[in-house]
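Just so you know, all these numbers are worked out from the coordinates, no wet-lab data involved. Computed from a predicted model, the values in this text were never measured in an experiment. No Cβ is skipped: glycine too gets one built from the backbone with ideal geometry, and neighbour counts run over all protein chains shown.
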Amino acid sequence: MQASSLSGKTYFIRTFGCQMNLHDSERVSGMLDSCGCLEVAGPEDADIVVFMTCCVREAADTRLYGQCSSCKSLPAPPGGKRVIAVGGCIAQRDGAGLLTNLDNVDVIFGTHSIAHVAELIEEAFADGGRHVRCEETDLEPATSMPWHRAENYRAWVPIMTGCNNFCSYCIVPYVRGREKSRPFEQIVDEVRGLVRSGVREVTLLGQNVNSYGRDLFGEPRFAELLRHVGDTGIERIFFTSSHPKDLLPETIDAMAEVPAVMPQLHLAVQSGSTRILKLMNRKYTREAYLDLIDRVRDRIPDIALSTDIIVGFPGETEEDFEQTLSLAEQVGYAQAFTFIYSKRDGTPAAKIDDPTPREVILERFNRLVKVIEDSAFAYNQGALGRRVPALIEGTSKKDPSRLLGKSPWNQTVHAPVPDGIEAADLVGKIVDVDVDVARTWYLSGTVVGSPR
Ligand code: SAM
Ligand code: SF4
């Protein structure tokens, strides 16, 4: 642990947005832990409050303002002075501009500046000033910093940062910069170390994992990475996100052949209309996407497919939307994240006028949600009567007598805690569950045999 004036201070981090942000928060925690700080459960007990922000959609953007101003009414912190820091995508996008509207914020640090968070907070405590660091040239990768994992049995492993795709609606490439892959051996070594420390499941993270390695080797090496990570002894590998235009046949082969790669694939489609896909700059057609799905299913017949879909892209017509509905019906997703288009200033799509009334977009959104619910329900029926291995994460929030775990197909699995066993002792263990109930968003059944 390095000597730091932050030693003994308490901190609390609230994270908005995607897994990449959640993992960045683990890096911020790791930095603060290494300075001798102590994490607490709520902002009221914290000397340091950190907000990790997201600007992918407007809703996440506006929430930051409410959160920061609610800090004003908190009781005084244990150390007498509270420093509020804002990181993540909004910090990177707006930089010092945020200080005007957020008058109680002391530190702003961008997505490339996580390595500097502790020194910025130290300075704010020392001089009472406001400190901002959002340089795009801060290249010390967050991925080489200490991190603090929330759980000891599973971990996120970023394999690359940034994105080169510039989908026309999306702000991510502007706030996260260009694709930058981590060194191959560093990733494999990290997973080896995680396995040694008892981790059983990793999720490889990137905005477009399929192009992993293109910047290092001149060509993608994701399939090779999957095989090497599979050789570390890790029991379960998930990965996200996968861009359909870059999903290569050798990656599908690796998914089918590496036993630890779970039969689950998140393949964001965004729209089922080739016309809209072109306007979105997605670089594939409806037909190419469906063909890809067929090829994946040929190799991995029970694959659980999930996706992201945007409803209400500017100029989307009823006919375009119906193409999305029919694609979703045809694919039969096990899960989908559905979003209403949110205009992001600075992106090409923000310049396209849209005459479509909000009620029409909402009505379409609800129709899509219904199709997804039906396909998720149908997918889960396939587990009825089967024995499913579930990695136990804890108990259900609503009912502590029920275990909550995850199947290899990324399904939530519930089961009563077996008699004579403490639920806490099963966290991180894999138990077999005989499934007798299959609902839209979960399976339920009875634990059989011994946990392992
Ligand atoms: N890189 C990932 C991919 O392409 O699959 C996605 C990352 S993005 C954080 C997650 C999802 O947010 C996207 O797949 C898209 O569906 C959605 N999204 C991005 N920009 C959006 C916008 N302006 N409005 C609504 N949804 C948006
Ligand atoms: Fe955004 Fe497209 Fe990059 Fe995903 S691939 S982060 S949607 S620009």
>> Need one number: nm distance between label points at Asn281 and Glu151, each 7 Å from Cα along Cα→Cβ, rounded to one decimal.
In response: 3.6 nm
> In whole angstrom, and with the biggest value first, how far do the Cα coordinates of region 46-90 range along each principal axis?
Replying inline: 35, 17, 9
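Once you have the Cα-Cα distance between Val437 and Ala76, take 0.36 nm times their residue separation minus that, and quote the gain in nm to one decimal.
On the way: separation 361, 0.36 × 361 = 129.96 nm, distance 4.90 nm.
Length gained between Val437 and Ala76: 125.1 nm.
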>> Sort 419-427, 370-378 by the packing proxy (mean of other Cβ within 10 Å over each peptide's residues), most packed first.
In response: 370-378, 419-427
>> Considering the Cα positions of region 304-452, please state its Rg to one decimal place and its Dmax as a whole number of Å.
In response: 19.8, 63
>> If I take the Cα coordinates of region 1-63 and project them onto the principal axes, what are the three extents in Å, biggest first?
In response: 39, 23, 16
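Between Glu318 and Lys370, what length in nm is gained on full extension when 0.36 nm per residue of separation is reduced by their alpha carbon distance?
On the way: separation 52, 0.36 × 52 = 18.72 nm, distance 1.66 nm.
Residue separation times 0.36 nm, minus the Cα-Cα distance, leaves 17.1 nm.
Using only C-alpha atoms and all pairs of different ones, pull out the Kirkwood radius for region 8-120 in Å with one decimal. Provide the component values of the computation, followed by the final result.
Values: mean 1/r = 0.0721 Å⁻¹.
About 13.9 Å, per the Kirkwood formula over Cα pairs.
When the helices in the chain are scored as -39500 (n - 2.57) per DSSP H run of 4 or longer and the sum is shared across all residues, what 222 nm value do you end up with, to the nearest 500 deg cm²/dmol?
Values: 15 runs with 153 residues, N = 452.
Dividing the helical sum by the residues of the chain leaves -10000 deg cm²/dmol.
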>> List the lysines whose Cα sits under 25 Å from the Cα of Lys398, skipping any in the same chain fewer than 8 residues away.
In response: Lys370, Lys406, Lys429
> For region 74-230, how big is the tail of P(r) above 22 Å, as a whole percent of Cα pairs?
Replying inline: 52 percent
>> Taking loop as defined by DSSP and a crowding limit of 16 other beta carbons within 10 Å, which trypsin sites (Lys or Arg not before Pro) in region 152-181 fit?
In response: Arg178
>> Cut-off is 10 Å between beta-carbons; in what order do Tyr153, Tyr212, Tyr174, Tyr333 appear when sorted fewest neighbours first?
In response: Tyr174, Tyr153, Tyr333, Tyr212
>> Under 8 Å for C-alpha pairs, at least 6 residues apart: give me the relative contact order for the chain, rounded to a whole percent.
In response: 9 percent
> Within straight cross-link reach of Lys343, meaning Cα distance under 12 Å, which aspartates and glutamates are found once same-chain residues fewer than 8 apart are removed?
Replying inline: Glu58, Asp61, Asp353, Asp354
>> 5 Å is the cut-off here: which amide hydrogens, built 1.01 Å from N in the peptide plane, fall below it relative to Val261, excluding neighbours closer than 5 in sequence?
In response: Ile237
> Hey, which lysines would be in cross-link range of Lys245, C-alpha to C-alpha under 16 Å, not counting anything within fewer than 8 residues on its own chain?
Replying inline: Lys278, Lys283
> Given H placed on each backbone N at 1.01 Å, which residues far from Ala336 in sequence or on other chains put an amide H within less than 5 Å of it?
Replying inline: Thr307
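Kindly give Rg over Rh for region 143-210, based on alpha-carbon atoms, with the Kirkwood expression for the hydrodynamic radius.
Details: Rg = 13.7 Å, Rh = 13.2 Å.
Reported Rg/Rh (Cα atoms, Kirkwood Rh): 1.04.
If I take all pairs of Cα atoms in region 252-320, what percentage of them are more than 15 Å from each other? Please report the intermediate quantities before stating the final value.
On the way: 1333 of 2346 pairs.
Within region 252-320, distances greater than 15 Å cover 57 percent of Cα pairs.
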>> Highest mean first, how do 438-451, 311-324 rank when packing is the count of other Cβ atoms within 10 Å averaged over residues?
In response: 311-324, 438-451
>> Quick check: Cα centre of region 1-64 to Cα centre of region 390-451, how many Å?
In response: 30 Å
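Would you please put 241-247, 155-161, 292-298 in order of how densely packed they are, using the mean number of other Cβ atoms within 10 angstrom per residue and starting with the highest? Can you show the working numbers first?
Details: 241-247: 19.6, 155-161: 21.7, 292-298: 15.7.
The most tightly packed comes first, giving 155-161, 241-247, 292-298.
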> Long-range amide H contacts for Ile13: which residues qualify at under 5 Å (H placed 1.01 Å from N, peptide plane, sequence gap of 5 or more or a different chain)?
Replying inline: Val50
> log₁₀ I(q)/I(0) of the chain at q = 0.06, 0.10, 0.14 Å⁻¹, via Debye over equal Cα point scatterers, no solvent, to two decimals?
Replying inline: -0.28, -0.80, -1.49
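Under Stokes-Einstein, with the Kirkwood radius over Cα pairs standing in for Rh, what whole-number D in µm²/s applies to region 184-329 at 20 °C and 1.002 mPa s? Mind showing how you got there, number by number?
Numbers: Rh = 16.3 Å.
Here the translational diffusion coefficient equals 132 µm²/s.
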